[in-house]
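The block underneath contains the structure these notes are about, expressed in structure tokens.
The values are calculated or read from the model by the stated rules, or taken from the named source; none is laboratory data. The shown structure was predicted, so the numbers you read here are calculated from the model rather than taken from an experiment. Positions of Cβ are generated from backbone atoms using ideal geometry, with glycine treated the same way; all protein chains shown enter the neighbour counts.
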Amino acid sequence: MMQSHYSLMYGAITHDDGVQFTVYSKSATGMRVLLYDAVDDREPARVIDFNPFVNRLGDIWTISVPGLKHGTLYHFQADGPFEPDRGQRFSSRARLIDPFAHALAGTFQPSDDGIVRPPKCVVIDDNFNWNGDRHLCRPLSESVIYELHVRGFTQSPTSQVKHPGTYLGLIEKIPYLKRLGVTAVELMPVQDFMERHWDGRSTGRTNYWGYDPLAFFAPHRGYASSTEPGAQVHEFKQMVQALHAEGIEVILDVVFNHTAESDVRGPTLGFRGLENQVYYLLENGGRDYANYSGCGNSINGNHPIVREMIFHCLRHWAIEYHIDGFRFDLASILSRDRRGHIVPNPPIVEAIAEDPFLANMKLIAEAWDAGGAYQVGSFAEVRWAEWNGRFRDDVRRYWNGFDLSLGNFATRLAGSSDLYQRGSREPYHGINFVTSHDGYTLNDLVSYARKHNEANGENNRDGDNQNFSINFGAEGETDNPAINARRQTQLKNLLATLMLSQGVPMLLAGDEIRHTQQGNNNAYCQNNELSWFDWSKLEDNLDLFRFTRELIAFRRSQPALRRDRFLTGRPDFDGGYPDICWFNAHGLPVDWLRDRGSLMCVLGRTHASARECAGRAVLMMFHAAETRTTFELPLEARSSRWRIVLDTAAPSPDDIYPQLDGPLFEGFSILMPGPSVRCFVECSVQAR
């Protein structure tokens with residue numbers, strides 16, 4: 001007998017006597033749950049109707065089915081009006097994914113009757129032995145983030161793992177991450193997604209990146225090594241537990257801006273068939289979807305129902321999976337009201353920041369969208385950090401010769417106070433990056449002057465045309481040793497700038513071993529060797545890997561490089577250097593209007609804290625001009641002894657000294673042979 005007691009929990013919840021199914025729909029006139037015996041079944045074994053007089057409370061449909069247990073496969077199916085001009089798109093034949101499904105199983109099945117058969121939902125037992133695992137709660141200011149793709153990290157045969165392209169495969173590569181020294185992995189989308197873009201049969205271009213979500217609460221089934229329904233839940237938790245055991249946090253790239261249902265030509269998979277005009281931003285009286293995502297539709301994140309779903313989802317990942325933080329893809333869509341207007345203090349953005357369940361979570365916004373919003377520096381208040389797109393662009397412009405003026409470059413080095421200080425935030429609210437999944441790899445940034453996206457099948461029209469890249473005289477790979485040497489130095493210049501800047505550095509996986517996408521700056525559909533991490537390149541690029549590893553270690557050892565307060569130009573304590581001083585190549589105060597190409601700064605010592613010892617003063621020299629230039633040590637720095645830590649123009653192993661035992665700075669001047677970075681640490685103080 002079907003029972004009718006109510007629950008405040010959505011989705012499919014197991015009880016001692018069965019499973020309770022709960023779903024929201026305001027406009028549905030009928031609701032059913034379809035139960036399947038096997039993943040490959042095209043038709044349900046049982047269809048259970050909700051009685052609207054017994055199994056409905058307000059807009060919540062709920063029914064408890066005895067005898068069921070975890071592993072049960074199901075869809076919802078809803079009756080209701082199909083009135084596209086008014087925003088209603090119910091389809092009584094559609095098989096619907098539960099918006100709160102904790103896992104999906106199987107694939108899209110071929111349709112010969114016009115019915116789209118998406119993967120099936122799985123009733124999940126969330127029990128897992130965490131063996132005392134907890135969130136690591138590392139301060140954001142002390143983080144070094146590594147952006148990676150779960151499949152791409154180990155899919156290549158060169159990875160030599162037992163479980164390539166999976167959560168378990170990533171576990172096998174944790175020693176590499178530990179050796180590199182990163183403190184957090186930022187995983188590209190793992191919320192279950194459509195593996196191919198929709199073309200009427202779900203057989204379009206490969207959706208390699210994963211930005212096409214089907215089920216926000218479910219780990220992607222395609223990254224599990226087992227095909228057993230629900231296995232991805234256990235394997236994902238194993239991965240998080242293993243990363244935590246090595247001190248590495250897990251940040252998820254979450255996609256609360258659109259879904260795989262796309263525009264009016266897309267399939268009805270779940271949200272559209274349950275309450276289209278609640279879940280999506282609509283235009284033209286409800287007939288069309290607002291497309292601020294560039295993917296056909298936009299989530300209506302500031303509707304109370306959708307806001308509640310997003311809260312439940314974030315809490316689910318934080319509590320059930322021990323996730324340490326979230327990076328919100330195209331987060332500016334969450335700043336739009338129901339008419340698509342950007343509003344100050346949008347309810348969902350503020351509420352996420354204040355949610356007590358998420359108090360220790362890292363919240364990172366990609367503070368723009370495809371509708372023209374660009375909110376870097378103004379997305380939200382204190383709890384939110386942001387991908388600092390201004391850092392990426394200004395650093396690229398400086399090093400690749402597009403803008404040798406010093407003001408913007410120095411501002412990025414110092415933590416982007418122009419963006420964050422006015423909002424009562426600190427340098428660590430800026431996530432600094434030079435490259436990310438979206439754009440060139442670091443190798444390609446210094447090897448290609450223009451994008452090469454022909455493999456995507458869009459006649460090279462896709463991808464950003466403004467990359468501030470350089471090829472040093474040859475487009476792509478070359479045997480010219482002089483060009484290759486210039487590129488290697490430039491790679492180190494960019495990496496050094498990233499790791500020596502105030503703020504939080506994010507490194508794209510593979511940049512440390514010169515991964516190339518052959519000039520493709522939009523490899524969203526390239527599930528192949530073009531995107532996969534090529535582990536054979538590690539052996540070929542051990543010098544750059546070593547440089548990156550030791551650079552990360554140096555950053556983590558020096559408090560002066562990762563301050564949690566903005567620099568002021570005043571000493572931290574009596575007798576010390578100011579926390580920052582700026583000089584030109586002559587050792588004189590910078591003329592911000594006239595000086596170009598060459599910049600020097602001294603970061604003062606820091607006090608000892610409860611977490612670490614007092615930090616040394618750090619002297620940095622940046623030279624982006626092509627001419628050989630002599631840098632003069634400023635008078636303010638001549639009372640100290642300085643020992644070189646890194647020199648990007650020097651060959652390995654003299655490009656970095658991991659034991660801080662490099663040569664002393666002799667005399668008061670040093671020649672910078674061309675574009676390069678030198679960094680020194682204070683080793684003693686002479687009597688004045």
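When the residues of segment 378-393 are narrowed to those that are out of contact with any Phe, Trp or Tyr (no Cβ under 6 Å at 6 or more places or on another chain) and modelled with pLDDT of 95 or more, which ends up surrounded by the most Cβ atoms within 10 Å (Cβ to Cβ)? Ranking the candidates gives 391 first.
For (1) β-branched (Val, Ile, Thr); (2) in a loop (DSSP other than H, G, I, E, B), each residue gets a yes or a no:
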| position | (1), (2) |
| --- | --- |
| 418 | no, no |
| 421 | no, no |
| 425 | no, yes |
| 435 | yes, yes |
| 447 | no, yes |
| 451 | no, yes |
| 461 | no, yes |
| 470 | yes, yes |
| 474 | no, yes |
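Among the criteria (1) in a strand (DSSP E or B); (2) of a type in the set (A, V, I, L, M); (3) over 28 Å from residue 113 (Cα atoms); (4) in contact with a Ser or Thr (Cβ under 8 Å, 6 or more places away or on another chain), the one residue 9 does not fulfil is (1). Can you tell me how many residues in segment 265-307 are in contact with a strand residue (DSSP E or B) (Cβ under 9 Å, 6 or more places away or on another chain) and in a helix (DSSP H, G or I)? Qualifying residue count for the region: 12. Selection of segment 57-89 for residues being closer than 30 Å to residue 290 by Cβ, part of a strand (DSSP E or B) and out of contact with any helix residue (DSSP H, G or I) (no Cβ under 9 Å at 6 or more places or on another chain) yields 60, 61, 75, 79, 82.
Among 567, 530, 561, 544, which is closer than 16 Å to residue 155 by Cβ, of a type in the set (A, V, I, L, M, F, W, C) and either surrounded by fewer than 23 Cβ atoms within 10 Å (Cβ to Cβ) or more than 21 Å from the chain's Cα centre (by Cα) (or both)? Can you show your working first?
Details: 567 fails: closer than 16 Å to residue 155 by Cβ; 561 fails: closer than 16 Å to residue 155 by Cβ; 544 fails: closer than 16 Å to residue 155 by Cβ.
Every option except 530 fails the conditions.
Residues in segment 283-307 that are within 20 Å of the chain's Cα centre (by Cα) and either of a type in the set (Lys, Arg) or at negative phi (or both): 292, 293, 295, 298, 299, 301.
For segment 67-97, residues that are under 22 Å from residue 287 (Cβ atoms) and buried (at least 21 other Cβ atoms within 10 Å of the Cβ) total 7. Just the residues that are of a type in the set (Ser, Thr, Tyr) and not in a loop (DSSP other than H, G, I, E, B), please, taken from segment 321-376. Passing the criteria: 332, 335, 374.
Annotation: of all residues in segment 162-183 being aliphatic (A, V, I, L, M) and closer than 14 Å to residue 248 by Cβ, the one that is nearest to the chain's Cα centre (by Cα) is 182. The conditions are (1) under 19 Å from residue 94 (Cβ atoms); (2) surrounded by fewer than 24 Cβ atoms within 10 Å (Cβ to Cβ), and residue 242 fails exactly one of them. Which is it? Unmet for residue 242, out of (1) under 19 Å from residue 94 (Cβ atoms); (2) surrounded by fewer than 24 Cβ atoms within 10 Å (Cβ to Cβ): (1). Taken over segment 182-214, residues that are of a type in the set (D, E, K, R), modelled with pLDDT under 90 and touching a His at 6+ places or on another chain (Cβ under 8 Å) amount to 1.
Just checking, which of 132, 152 is under 19 Å from the mean Cα position of the chain (by Cα), within 30 Å of residue 556 (Cβ to Cβ) and not in a strand (DSSP E or B)? Answer to the check: 152.
The set of residues from segment 339-361 being small (Gly, Ala, Ser), over 30 Å from residue 286 (Cα atoms) and either in contact (Cβ under 8 Å) with a residue 24 or more places away in the chain or in contact with a helix residue (DSSP H, G or I) (Cβ under 8 Å, 6 or more places away or on another chain) (or both) comprises just one member, 353.
In segment 615-688, counting only strands (runs of 3 or more DSSP E) that sit wholly within it, the ones holding 3 or more residues that are of a type in the set (A, V, I, L, M, F, W, C) and touching a Phe, Trp or Tyr at 6+ places or on another chain (Cβ under 9 Å) span 618-623, 640-647, 669-672, 676-685. Would you mind stating whether residue 210 is farther than 26 Å from residue 384 by Cα, not acidic (Asp, Glu) and not assigned by TED's automatic domain parsing to the domain that holds residue 98? Against the criterion (farther than 26 Å from residue 384 by Cα, not acidic (Asp, Glu) and not assigned by TED's automatic domain parsing to the domain that holds residue 98), residue 210 does not qualify.
Consider segment 468-486 and keep the residues that are within 30 Å of the chain's Cα centre (by Cα) and small (Gly, Ala, Ser). The one that is farthest from residue 647 (Cα to Cα) is 476. Conditions first: (1) part of a helix (DSSP H, G or I); (2) small (Gly, Ala, Ser); (3) touching a strand residue (DSSP E or B) at 6+ places or on another chain (Cβ under 7 Å). Residue 218 passes all but one, so which condition is the exception? The failed condition is (1). Count of segment 397-417 residues, restricted to those that are of a type in the set (Lys, Arg) and surrounded by fewer than 23 Cβ atoms within 10 Å (Cβ to Cβ), is 1.
Quick one: which of 410, 455, 482, 496 is in a helix (DSSP H, G or I) and without any contact (Cβ under 8 Å) to a residue 24 or more places away in the chain? Lay out the reasoning, then the answer.
Numbers: 410 fails: without any contact (Cβ under 8 Å) to a residue 24 or more places away in the chain; 455 fails: without any contact (Cβ under 8 Å) to a residue 24 or more places away in the chain; 496 fails: without any contact (Cβ under 8 Å) to a residue 24 or more places away in the chain.
That would be 482, the only listed residue that is in a helix (DSSP H, G or I) and without any contact (Cβ under 8 Å) to a residue 24 or more places away in the chain.
If the condition is being free of Cβ contacts under 8 Å to residues at least 24 places away in the same chain and either among the basic types (Lys, Arg) or outside any strand (DSSP E or B) (or both), then segment 42-55 contributes 43, 45, 46, 50, 52, 53.
For segment 381-391, a residue qualifies if it is among the small types (Gly, Ala, Ser) and free of Cβ contacts under 8 Å to residues at least 40 places away in the same chain, and exactly one does: 389. Exactly one residue out of 370, 331, 365 is within 18 Å of the chain's Cα centre (by Cα) and farther than 26 Å from residue 87 by Cα: that is 365. Evaluation of residue 100 against the conditions (1) surrounded by 14 or more Cβ atoms within 10 Å (Cβ to Cβ); (2) within 18 Å of residue 40 (Cβ to Cβ); (3) out of contact with any Lys or Arg (no Cβ under 9 Å at 6 or more places or on another chain) shows that the sole unmet condition is (2). Considering only residues of segment 37-61 that are more than 36 Å from the chain's Cα centre (by Cα) and buried (at least 21 other Cβ atoms within 10 Å of the Cβ), which is nearest to residue 116 (Cα to Cα)? Top of the filtered list is 50. Scanning segment 502-558 for residues that are among the small types (Gly, Ala, Ser), within 18 Å of residue 392 (Cβ to Cβ) and assigned to a helix (DSSP H, G or I) turns up nothing.
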